[in-house]
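The values are calculated or read from the model by the stated rules, or taken from the named source; none is laboratory data. All of these numbers come straight from a predicted model, not from anything done at the bench. Methodologically, a virtual Cβ is constructed for each residue, glycine included, from the backbone with ideal geometry; neighbour enumeration extends over all protein chains shown.
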Amino acid sequence: MQSFINIKNFKNFHDHYIFWIKVFFLSLVIFGLIMSLFISPADYLQGDTVRIMYVHVPASWLALKIYAAMSICGFITLIFKTRIFTLIAKSIAPIGFTFSLISLFTGSLWGQPTWGTFWTWDARLTSMLVLVIFYILYIIIWKFVKTFHLAEKLSSIISLIGLANLPIIKFSVEWWNTLHQPATIKFTEASTIHSSMLTPLIVMFLSFLFFSIIIFLIRFKLESLNLKLNSKNE
């Protein structure tokens, strides 16, 4: 496992497979948009407004999963001093930040016709805003801290502190009375969303996921080259 996870293998994977990943992503996103916009039914209460879900929900899932991945990488970096995990976390942070912004923006668009307001200090919305702030702090550290080792340590600590916010986001609708609806997709019991809506939702999530992989591979290659250049200059 350790021999597979190295900078050279990631760069080789980028060079050999990036084209086919792009093709697969384009196929998925076109198929997903057709299903989301034209095939899936309108909600009996929300009408066509519910179609915002096909962007909002996948973006929210990825914002949380990417931050969790950053935290795992940060933990490994602090304990084992493995440089590749620093590059992975640094590469995916802007991707997760973008998805967290998309989640907040589409949530506001969805909330206005549903709740009658673009924003309320709801537990789910507030905790998502906190996630955005942690993403910003992480990115700012790499932007303004010039010493690589110090930035590596500080960013790892920030990612671990922010990890405590993820279960709050996840369970906020169960712990408090909120405007946000409870989870409709469940792994331990039957989901309450119809398959005609679940299928395009999963397809859109996969398309967003492969888009993330594309951006990650490009960013990882650039970050590894920058690290190599900085090491030579030092």
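Things worth noting here:
- Test: residue in segment 74-88 that is under 21 Å from V145 (Cβ atoms), at pLDDT below 95 and of a type in the set (D, E, K, R): yes
- Number of residues in segment 131-141 that are more than 15 Å from K90 (Cβ to Cβ) and surrounded by fewer than 15 Cβ atoms within 10 Å (Cβ to Cβ) equals 1.
- Of everything listed in (1) under 30 Å from L225 (Cβ atoms); (2) surrounded by 20 or more Cβ atoms within 10 Å (Cβ to Cβ); (3) touching a residue at least 60 places away in the same chain (Cβ under 8 Å), the single unmet condition for F97 is (3).
- Cβ pairs under 6 Å, 6+ apart, first in segment 110-135 and farther than 22 Å from T49 by Cβ, second at pLDDT below 90 and surrounded by 14 or more Cβ atoms within 10 Å (Cβ to Cβ): A123/S172; A123/T178; S127/S172
- Subset of segment 166-205 that is in contact with a helix residue (DSSP H, G or I) (Cβ under 6 Å, 6 or more places away or on another chain) and aromatic (F, W, Y) - its residue that is modelled with the highest pLDDT: F205
- Considered as a group, the residues in segment 22-72 that are over 21 Å from A93 (Cβ atoms), of a type in the set (S, T, Y) and surrounded by 13 or more Cβ atoms within 10 Å (Cβ to Cβ) include one that is modelled with the lowest pLDDT, and that residue is T49.
- Condition met for L125 (in contact with a His (Cβ under 8 Å, 6 or more places away or on another chain), within 17 Å of T106 (Cα to Cα) and not basic (K, R)): yes
- Lone qualifier among L109, L131 - being within 21 Å of V57 (Cβ to Cβ) and modelled with pLDDT of 95 or more: L131
- Per the listing F99, F144, F134, F118, the residue uniquely over 21 Å from I161 (Cα atoms) and not small (G, A, S) is F118.
- The set of residues from segment 142-179 being in contact (Cβ under 8 Å) with a residue 40 or more places away in the chain, surrounded by fewer than 17 Cβ atoms within 10 Å (Cβ to Cβ) and of a type in the set (F, W, Y) comprises F148, W175, W176.
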